[in-house]
1. Look through segment B:248-303, keep the residues that are of a type in the set (D, E, K, R), surrounded by fewer than 17 Cβ atoms within 10 Å (Cβ to Cβ) and under 19 Å from B:F195 (Cβ atoms), and return whichever of them is nearest to the other protein chains (Cβ to nearest Cβ).
2. Of a type outside the set (D, E), surrounded by fewer than 18 Cβ atoms within 10 Å (Cβ to Cβ) and either under 26 Å from A:K150 (Cα atoms) or within 12 Å of chain B (Cβ to nearest Cβ) (or both): which single residue out of A:N31, A:N64 fits that description?
3. With the condition kept exactly as written, say whether any residue in segment B:46-63 is under 15 Å from the mean Cα position of the chain (by Cα), among the β-branched types (V, I, T), outside any loop (DSSP other than H, G, I, E, B) and not assigned by TED's automatic domain parsing to the domain that holds B:G269.
4. Any residue in segment A:43-58 that's within 20 Å of A:A72 (Cα to Cα) and more than 12 Å from chain B (Cβ to nearest Cβ): show its pairings with residues that are of a type in the set (S, T, N, Q) and crowded, with 16+ Cβ neighbours inside 10 Å at Cβ separation under 8 Å, as long as the two are six or more apart or on different chains.
5. Which residue is surrounded by the fewest Cβ atoms within 10 Å (Cβ to Cβ), if the candidates are limited to segment A:178-197 and must be modelled with pLDDT of 95 or more and in a strand (DSSP E or B)?
6. List the residue pairs whose Cβ atoms are under 6 Å apart, where the first residue sits in segment A:219-243 and is touching a residue at least 40 places away in the same chain (Cβ under 8 Å), the second is of a type in the set (D, E, K, R), and the two are 6 or more positions apart or on different chains.
7. Being assigned to a loop (DSSP other than H, G, I, E, B) and under 18 Å from B:P169 (Cα atoms) is the filter here, so list the residues in segment B:81-108 that pass it.
8. Search segment B:207-223 for residues being within 14 Å of chain A (Cβ to nearest Cβ) and assigned to a loop (DSSP other than H, G, I, E, B), and hand back the single one that is surrounded by the most Cβ atoms within 10 Å (Cβ to Cβ).
Amino acid sequence: MAASLSPPRLLPSGDSAVTVEFSRNIDDAANQRVLALDQALAREPIDGVTETVPTYRSLLVHYNPLEIGFDALSEQLTALAEQPVPPVANARCWRIPVVYGGEHGIDLEDVAKTLDTTPDDIVARHVAGDYRVAMIGFTPGWSYLSGLEKFLHMPRRQNPRLLTPAGTISVGGVQTGVQCLAGPSGWHLLGRTAVRTYQLHRDPIFLLEPGDRVTFATIDGKTFAEQDRAAESGELIAELIAP
Amino acid sequence: MSKLVISSIGPASSVQDGGRPGSQRYGLTPGGAVDRLALAAANVLVGNAPFAAAVEIGPLGACLTAHQGAVRVALAGAPRNVDIAKRPVAFDSSMVLADGESLTLGFARGGSFSYLAIEGGIQGEPMFGSLSVNARAGLGSPYPRPLQNGDELQTVAASGAADRRIELPAVTDAPIRIVPGPQDDEFGDDAKALFLDSEWRISATSDRMGYRLEGPVIKHLYDHNIVSDGTVNGSIQVPGNGVPIVLMPDRGTSGGYPKIATVISADFGRFAQIPAGRGFRFKAVSIAEAQKELRNFVKLIDALPSRLRDVENFDLNLEALQDANVAGSAINAIDAKTWHVPD
């Protein structure tokens, strides 16, 4: 298995970081290798590595060049990247409650029209998905999920919205996502969750880890309002259903 | 306890320190001062740790008043006209504000950001080990937002230590050095040559997230969208319109535009201080050279205390001369006004 893995490309990101690139595309196999390398580095730290940032297709490794040089680090990262990818089944799995449509998911009707089906069908398909946190980025807690059913793949909006609400659940391209903070987005808004993937003064501050699995469950607007208040006072709301 | 009360302050002014690296995997940007050398110089002048929290003051002016006791402060970074109760005071120096006295700063000249360090630091509640303001993430202390008129910064009373000045290496206008990549292969040779051979200016629409560059349009070989990957301070990304953006400490932790090059760490602060509209150039260097420059930069920061001088009688500063002689440097007392301890 290990021998069949092609080596990643090592691209300098300045003098204190290296991008370990497994693919140029959104590619689940590449993302699994990214997360595997990230986990391998957590298990077997390399002196001088200060921080890692997993993304869909690459792992950004920050390092202190006063402790390790680019060539020595690249060599060690390449060796680690050859290790077999651990099975996904061992990952944590969260159930995240979502209120779909209406004021909470203003694009649901349009998405259904565009895909020539009903809003209920969109919701059923979205809830049926078994997703994985491919990366967290852009703003704190913004979790990009892989595993979106092909039927729901859609180009992003022509005109990104400058402000979308905290807790937005949306789809864009081949991805779906959990957005924690209010902010701009070019994705299609399907619903909202009370779950805060990032909340100060809560333990943990960040709920999701890259590599975690995620499923969604439907709730009504009243439940959302109750959960939102509970989340405000520090409750997780998300339910850990595995392992 | 003493405090500084802000009676006026321009936009883009905030409490910043060394930042909060370590949570970029969760989308939390590291933040922190854009010019680390200036931050460190200001802090060292008042006896603080180099990357303690200070006030990063944007291009416009500010006025701060000491209350409930004297406050000792220091200024470094982009020079400005500064006075205390109409007495002009010097940059790269510490100074004491007596109770009730105001420090007034004019517009930045020849730079964008100045740093006001306060002896004893700024009282606040660190989050992820930092007081740095990151308004989007609701982080920063004592205020999780840029500073406004009326804000108060709690600190300790001035210790009575003698005021100091610091001798910093002269600022050069040499090209800003970059390491090519990580996505330089998304650009053709002519686009890369155009990037390196052109004069650039920083747009006035820049901020702590990113500095937009004004210059020629840099064309991509293929598509202008790549699959988002990680960013660093100094990543030079080129969006679809071909106008490069240099990512700054409040950047998104990931981005979906190809990055043609990365500003080297040692030049990042100098780049951040280039005033909007002034021409500058880039120069490509190897990773090895960039890392050598970073080692020198770290040495410079570590050695800042050895660059402190007494403010008074520096024409013939016996104590400093003695210190320097102890350090093994030959000093000619006749040139005492201009000497500095070699690195």
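The values are calculated or read from the model by the stated rules, or taken from the named source; none is laboratory data. Worth saying up front: this structure is predicted, and the values here are computed from it rather than measured. Every residue, glycine among them, receives a Cβ derived from its backbone with ideal geometry; neighbour counts consider all protein chains shown.
1. Within segment B:248-303, the match that is nearest to the other protein chains (Cβ to nearest Cβ) is B:E289.
2. When all the criteria are applied, what remains is A:N64.
3. Checked segment B:46-63: at least one residue is under 15 Å from the mean Cα position of the chain (by Cα), among the β-branched types (V, I, T), outside any loop (DSSP other than H, G, I, E, B) and not assigned by TED's automatic domain parsing to the domain that holds B:G269.
4. What qualifies is A:I46/A:Q76.
5. That would be A:H188.
6. Sorted first by the residue in segment A:219-243, then by its partner, the pairs are A:E239/A:R95; A:I241/A:R95.
7. Hits for segment B:81-108 are B:A90, B:F91, B:D92.
8. Ranking the candidates gives B:H220 first.
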